[in-house]
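Chemist: This is the structure I want to talk about, given as structure tokens.
The values are calculated or read from the model by the stated rules, or taken from the named source; none is laboratory data. Computed from a prediction, not measured in an experiment: that's the story for all the values here. Cβ: placed from backbone, ideal geometry, glycine included. Neighbour counts: every protein chain shown. The protein model used for the area step is the full one, side chains on, heavy atoms only, and it has no ligands, DNA or RNA in it. Shrake-Rupley method; radii C 1.70, N 1.55, O 1.52, S 1.80 Å.
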Amino acid sequence: MTEALKKIGFICFLSISLIKINAQNVDLEYLIQVESEIAGMFDSLYNLPPGTESLSLNEEILQRFEQALKLDESVFYPWKKLVKIGKISSKEKRLKIFTWYLTLENGEYQYYGFIQYQSGKKKRMENKVFQLSDHSENMINPEIKNLTAENWYGALYFDMISFTHKKKTFYAILGFDFNTPSSNKKLIEVLQFNRKGQPSFGGDFKMELDNKQRIIFEYSRDIVMTLKYDKRLKMIVFDHLSPFNPILSGNYAFYGPDGSYDGLSFEDGEFIINRDVDARNY
């Protein structure tokens with residue numbers, strides 16, 4: 001290769017690199033701008049009364065947010081200004097989930113969100129974005145259903161724990177649901193991805209009497225329920241809920257912690273129930 005050709009090749013390489021850098025800078029500037037705009041939209045959303053205007057604004061948020069998440073530069077963007085929504089991510093940052101709620105005119109709550117997932121192997125990852133569509137209101141026996149992003153049990157997600165079995169990753173997700181004026185819900189959800197990078201919700205929970213796809217707790221709105229991952233025990237630990245009085249059995253608006261704790265351990269791709277675990281802090 002002549003010296004002239006080398007110089008031409010270097011100039012072409014440098015030009016392409018500069019184009020890529022400029023494009024990245026433009027995308028980053030766009031993300032900074034759109035983050036501020038979306039944060040402002042959420043401020044307005046939660047100051048609006050339930051109705052047509054809030055639904056319309058929420059649709060605008062969904063469109064703007066999805067456009068931004070589809071940019072490759074958004075993969076590692078921190079979204080620090082979005083303080084009014086649920087934001088969780090896996091340790092390796094391969095998976096991010098954003099969730100929020102909207103109060104409807106009938107007083108019920110509708111949940112919205114996005115999954116952002118880096119599909120494929122490290123050198124050939126693809127940024128995939130999935131909008132979550134809440135259909136929990138019409139679900140019968142949701143604890144035994146395998147669900148998708150299009151048919152999602154809506155909740156505000158507040159924590160994520162990754163487990164691995166036979167090179168497959170299981171994302172255990174902890175969530176909260178306002179439910180009704182008299183009771184709240186918390187849930188343990190499991191998110192998995194197939195080889196094509198498509199998400200599905202549902203895990204193998206081995207309980208004493210039956211198996212479940214997810215665990216849903218309902219309890220009085222007047223109390224606080226513990227649901228967390230305990231690193232010392234290597235378990236998802238939660239309050240054991242009981243009725244305040246035996247005659248209230250089955251009326252979950254009158255359920256609360258009874259002072260004992262249960263836990264779920266991950267073993268060979270399954271979540272196994274452990275009763276009466278010692279979850280005290282030492």
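Chemist: If only one of Ser133, Ser162, Ser200 is assigned to a strand (DSSP E or B), open to solvent by 10 Å² or more (accessible area, probe 1.4 Å), closer than 24 Å to Ser74 by Cα and in contact with an Asp or Glu (Cβ under 6 Å, 6 or more places away or on another chain), which one is it?
Modeler: Ser133
Chemist: How many residues does the stretch 176-197 contain that are in contact (Cβ under 8 Å) with a residue 60 or more places away in the chain, open to solvent by 20 Å² or more (accessible area, probe 1.4 Å) and either within 29 Å of Phe254 (Cα to Cα) or in contact with a Cys (Cβ under 7 Å, 6 or more places away or on another chain) (or both)?
Modeler: 5
Chemist: Go over the candidates Ile140, Ile173, Ile144 one by one and state the one that is of a type in the set (A, V, I, L, M, F, W, C) and either open to solvent by less than 20 Å² (accessible area, probe 1.4 Å) or within 24 Å of Lys96 (Cα to Cα) (or both).
Modeler: Ile173
Chemist: Still on this model: Out of the residues in the stretch 173-197 that are of a type in the set (Val, Ile, Thr) and not in a loop (DSSP other than H, G, I, E, B), state the one that is farthest from Ile236 (Cα to Cα).
Modeler: Within the stretch 173-197, the match that is farthest from Ile236 (Cα to Cα) is Val190.
Chemist: Sticking with this structure for a sec: Looking at Leu209 and the list (1) open to solvent by 30 Å² or more (accessible area, probe 1.4 Å); (2) touching a Ser or Thr at 6+ places or on another chain (Cβ under 8 Å), which single condition is not satisfied?
Modeler: Unmet for Leu209, out of (1) open to solvent by 30 Å² or more (accessible area, probe 1.4 Å); (2) touching a Ser or Thr at 6+ places or on another chain (Cβ under 8 Å): (2).
Chemist: Restricting to the stretch 90-114, and then to whatever is at pLDDT 95 or above and within 14 Å of Asp72 (Cα to Cα), can you tell me which residue is most open to solvent (accessible area, probe 1.4 Å)?
Modeler: By that ranking, first place goes to Lys96.
Chemist: Right, something else. If you check Leu62 against the conditions, is it at pLDDT 95 or above, in contact with a strand residue (DSSP E or B) (Cβ under 9 Å, 6 or more places away or on another chain), part of a helix (DSSP H, G or I) and open to solvent by less than 30 Å² (accessible area, probe 1.4 Å)?
Modeler: Criteria met by Leu62.
Chemist: In addition: Gly51 passes all but one of (1) of a type outside the set (A, V, I, L, M, F, W, C); (2) open to solvent by less than 80 Å² (accessible area, probe 1.4 Å); (3) modelled with pLDDT of 95 or more; which number fails?
Modeler: Here Gly51 clears every test but (3).
Chemist: Here's a check for you: in the stretch 208-224, which residue that is of a type in the set (Val, Ile, Thr) and out of contact with any Asp or Glu (no Cβ under 6 Å at 6 or more places or on another chain) is farthest from Leu264 (Cα to Cα)?
Modeler: Ile223
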